[in-house]
1. Which of the residues belonging to region A:702-728 are more than 10 Å from RNA strand B (Cβ to nearest atom), crowded, with 17+ Cβ neighbours inside 10 Å and assigned to a helix (DSSP H, G or I)?
2. Is it the case that A:ALA238 is more than 23 Å from A:GLN453 (Cβ to Cβ) and touching a helix residue (DSSP H, G or I) at 6+ places or on another chain (Cβ under 7 Å)?
3. Only one residue in A:ALA906, A:ALA895 is exposed (fewer than 12 other Cβ atoms within 10 Å of the Cβ) and either more than 34 Å from the chain's Cα centre (by Cα) or within 11 Å of RNA strand B (Cβ to nearest atom) (or both). Which one?
4. Please go through (1) touching a residue at least 12 places away in the same chain (Cβ under 8 Å); (2) within 13 Å of RNA strand B (Cβ to nearest atom) for A:ALA274 and return the number of the only condition it doesn't satisfy.
5. Being under 19 Å from A:HIS606 (Cβ atoms), more than 16 Å from RNA strand B (Cβ to nearest atom), in contact (Cβ under 8 Å) with a residue 24 or more places away in the chain and outside any strand (DSSP E or B) narrows it down to one of A:LEU183, A:LEU241, so name that one.
6. On the given criteria, is A:THR140 in contact with a helix residue (DSSP H, G or I) (Cβ under 6 Å, 6 or more places away or on another chain) and under 18 Å from A:THR566 (Cα atoms)?
7. Does region A:493-530 hold any residues that are in a loop (DSSP other than H, G, I, E, B), modelled with pLDDT of 95 or more and under 18 Å from A:LEU183 (Cβ atoms), and which are they?
Amino acid sequence: MAPKKKAGNGAVKAAQTAGKSAKTTSTAAAPTANPASGEPIERYNAPKCEQHWQKVWEERGIFNASNEDDRPKCYVLEMFPYPSGRIHMGHVRNYAMGDVLARYKRARGFNVLHPMGWDAFGMPAENAAMQNKVHPGKWTYDNIAAMRAQLKSMGLSLDWSREFATCDVEYYQHQQKLFLDMLQEGLIYRKSSKVNWDPVDNTVLANEQVIDGRGWRSGALVEQRELTQWFFKITEFADDLLRALGDLKDWPEKVRLMQANWIGKSEGMMLRWALDKKTAPKGFNELEVYTTRPDTLYGASFMAISPDHPLALVAAETNKELADFSDECRKLGTSAEAVETAEMRGFDTGLKAHHPLNKDWLVPVYVANFVLMDYGTGAIFGCPAHDQRDLDFANKYGLKVTPVVMPKDEDPKSYQITTESYTGDGLMINSHELNGMRPKDAFAKIADKLSAQKLGKAPVGKRQTNFRLRDWGLSRQRYWGCPIPIIHCDECGAVPVPAKDLPVILPDDATFDKPGNPLDRHPTWNKADCPTCGKAARRETDTMDTFCDSSWYFARFTDPNADTPTNKAAANYWLPVDQYIGGIEHAILHLLYARFFTRAMAKTGHLDGKLQEPFKALFTQGMVVHETYERSSNERSPTLSQSAPSPQKPEWLTPSEIRIEGEGEGRKAFALDGGDEIKIGSIEKMSKSKRNVVDPDDIIGHYGADVARWFMLSDSPPERDVQWTDKGVQGANRFAQRLWRLIHDAEQVIAAHDTPMPDKLSDCAQELHARAHRAIHAVSRNIELLRFNVAVAQIYEFTNILSSAIQISAQHADNTEYLSMDWALREATEFLIQAISPMMPHLAEECWARLGYNTLATDQPWPAIEEALLVDDMITIAVQLNGKRRAELKIARNANKDETEAAAMALEPVIRALDGRQPKKIIVVPQRIVNVVV
RNA sequence: GCGGACGUGGUGGAAUCGGUAGACACACAGGACUUAAAAUCCUGAGACCUAACAGUCGUGCGGGUUCAAGUCCCGCCGUCCGCACCA
């Protein structure tokens, strides 16, 4: 077997000459030949071939999964898209990855479920309705039709028979049933809570939709409003959601960590402090705080409560200054920037509290801007020495700082805290009975003591676990979402719509010309009779958060036509999803909500209780990034700057409006319209705002889906960002064309397809045979590990090997050495086609047909690997002198230590380097390395 | 501030266990074919030194463990991401 790249020009010529006389044996729609050009082979016409094979796959329905099948199951799922109207390169990358796995698993004999649907409810449809006077439903379904066609042009192995959109009544009616059952089970409740309210759009905004205190769309100052809303009791599962993260071994560590932080479990105590009767307002006898450091109780020097704490509200009624202070705190907002720059501020209420461990010790109560109302009790005790915030606060207001924990090697007499709090382990000091203890033990002692101590009739303290996770508010004041099936009756309150009256269907004749909720102002829809008493009542006009829709769609896919939310048999068969693939941006919300739904659905009997988690394995792929092109301000056309909302806003150009000249340092961009030089900006995620987008349609139309897919899979590790470049996609195209030519060349030298394996292979045939098996082995492994870029590299390597073998073989056709080569070449060629099949499925079909088959490459079982071929009899190991490589040693794999050492010592470079000296030590690791120490 | 990830040629990146660093690709250079270009094919290449052989250095920086470190340990530096007053 010749090493790669060693075939001389003679071989090339031989291969090309052979090519000229080739006859096409392809039974498939062969690309248009161009006999006039004299080219030996017509170029592979991807767009034309791809449509053909997509039709064949669809007609045969080969990707439609059966719910009854003896083969092992494999559920491959990519996060379903929002139907914005166009797919983008991020989708191409995401779905290409999932498709490789789905097709590979299918070839490995799995019953594969690979469905697709649409996350179809949401605000953009309503905004479109407002702006373009088109109904959200029509807008959405038109977008779905357009995107479906685009996805189909990618040639994905999807089971389209299971497709649905979450805005289909057939889907959301079941979601309403889930709502009712969860309500019944106590997993949904109603309460009043604070929301971000946009007074111009008359709607609630999510936190991420509030930018610098203003609505992202209207620009209006957002108000905090008290609204009665429905909540999922996700906190009921907080502990389990946290615990089970440990079982999700096939999830990225990063995502598990993010979720764990989000859930934010902390172990501490509730502590009740008696208020000094002389200072406390009427009705307030105590102040309850939550703390994780009861051990530092002797270091307490103040208490602080939120401006919204009931005690603060009452105190403010009789204290104008305090009321003003509280108002100011509320205005400051809670955005990240506001919090970071905000000064720590407090207001001494004049109230005092009795220290739980010493009644005579009075502690001042402040209202402070950094205390959150909705965590713990909205009140804290401050121990400045061991909490940085408390220390900053104490220093500002001249409060006492008493260290109560000290690092082991410090002197308690001189140990002081000034500007840096100490949060580490150590020994207790200044703490009476706790002195000398470790903080951990002091915690336990105080917890026991205060749990036994009474204040009034109840214990002073009690151990408590707190979570940062809050219940999930699901009400949205919008039209385009799943209606909440509730009727409000003046007599009976909030009454669930009886299951027999479902679905509650969105009215088609809503109006979108005004801001606010169209359901609210609908003339008839919101009128309904109370299911309990029959009196006239009002229908709930809030709809569900769209995150509800995506929290159980994976379960619905297992039987999308079931007349209950799930068909438990089907769900039991398919779930959990074996591999889920999507963007890291959903690390918390979507994935946490889906995990919650899985538990809630088990509790309401819609899923089997044995199903712990919805997604067995999760993979988060990186983004597709691209250069940006910015027209500098002095070149901006005057019309554009007038229409731009801000004169400072840069004008971005799309890659298709740009012409690039030069390479490397001298690389420059020019606008196609005027020829102006354009600044090449930073590489960023493809986005509409920066206009650095490449349209998948253009790429697929020009190069074909296979090339787009291949490029998205090669080079960059899938979890990292990939940069879209013209050179890159051209390289992928070159490879596709090269493969096509290679198959053409191979046709001339390979055995007929029913040729049995010869009894004995010549050396070079045996070598190729082994290389083919090793390549498939390596590709398999890397696909299973989702390391597509490495799998691609191995395919390149194998292609180089096969290409050389074909050329050499063509050159030596008469040499008896090469007699069994035709069989090995055929095997290798078929293996190569099968290896690319999951990634470039259309090209694989075209090549397969060209080899004389009328079966589908897609239907071929994955090549069976002969384990014996994976190891070589002869291996090359390195020989080092003092740890530096000095020579290579080719030796039998099974050579023992002595043989290896002897062979190594006989090597010329070793003898030369030793120069007659005796080696101090010789390390021999058979099959790995020899290291001679001089 | 807290938590995490990552630093390898001109570039994207390879390198199950500590065992030949730079696979594979892109870009580049030279050559073949061509009237020419495109396409294709061949060859070269981490840096330094050398005519060549040989040699020296080399995985962000500084230490350490080891016969042997991109990989393990300690300390820095840089980049990116997440959370953000969570008591």
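1. To start, the set of residues in region A:702-728 that are more than 10 Å from RNA strand B (Cβ to nearest atom) comprises A:702-710, A:712-713, A:724.
Then keep just the ones that are crowded, with 17+ Cβ neighbours inside 10 Å; that gives A:703-710, A:712-713, A:724.
Selection gives A:TYR703, A:ALA705, A:ASP706, A:VAL707, A:ALA708, A:ARG709, A:TRP710, A:MET712, A:LEU713.
2. Details: more than 23 Å from A:GLN453 (Cβ to Cβ): yes; touching a helix residue (DSSP H, G or I) at 6+ places or on another chain (Cβ under 7 Å): yes.
Judged against the criteria, A:ALA238 is a match.
3. Working: A:ALA895 fails: exposed (fewer than 12 other Cβ atoms within 10 Å of the Cβ).
The unique qualifying residue is A:ALA906.
4. So A:ALA274 meets the others, but not (2).
5. Details: A:LEU241 fails: more than 16 Å from RNA strand B (Cβ to nearest atom).
Answer to the selection: A:LEU183.
6. Numbers: in contact with a helix residue (DSSP H, G or I) (Cβ under 6 Å, 6 or more places away or on another chain): yes; under 18 Å from A:THR566 (Cα atoms): no.
Considered against the rule, which asks whether it is in contact with a helix residue (DSSP H, G or I) (Cβ under 6 Å, 6 or more places away or on another chain) and under 18 Å from A:THR566 (Cα atoms), A:THR140 comes out as no.
7. Within region A:493-530, A:VAL497, A:PRO498, A:PRO503, A:VAL504, A:CYS530 meet the criteria.
Residue-wise test of (1) over 23 Å from the mean Cα position of the chain (by Cα); (2) part of a helix (DSSP H, G or I); (3) among the polar types (S, T, N, Q).
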site	(1), (2), (3)
A:PRO565	yes, no, no
A:ALA570	yes, yes, no
A:TYR573	yes, yes, no
A:ILE581	no, no, no
A:GLU585	no, yes, no
A:LEU592	no, yes, no
A:THR598	no, yes, yes
A:GLY605	yes, no, no
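The values are calculated or read from the model by the stated rules, or taken from the named source; none is laboratory data. Everything numeric here is computed off the predicted structure, so don't read it as measured data. All Cβ positions, glycine included, derive from the backbone under ideal geometry; neighbour counts span all protein chains shown.
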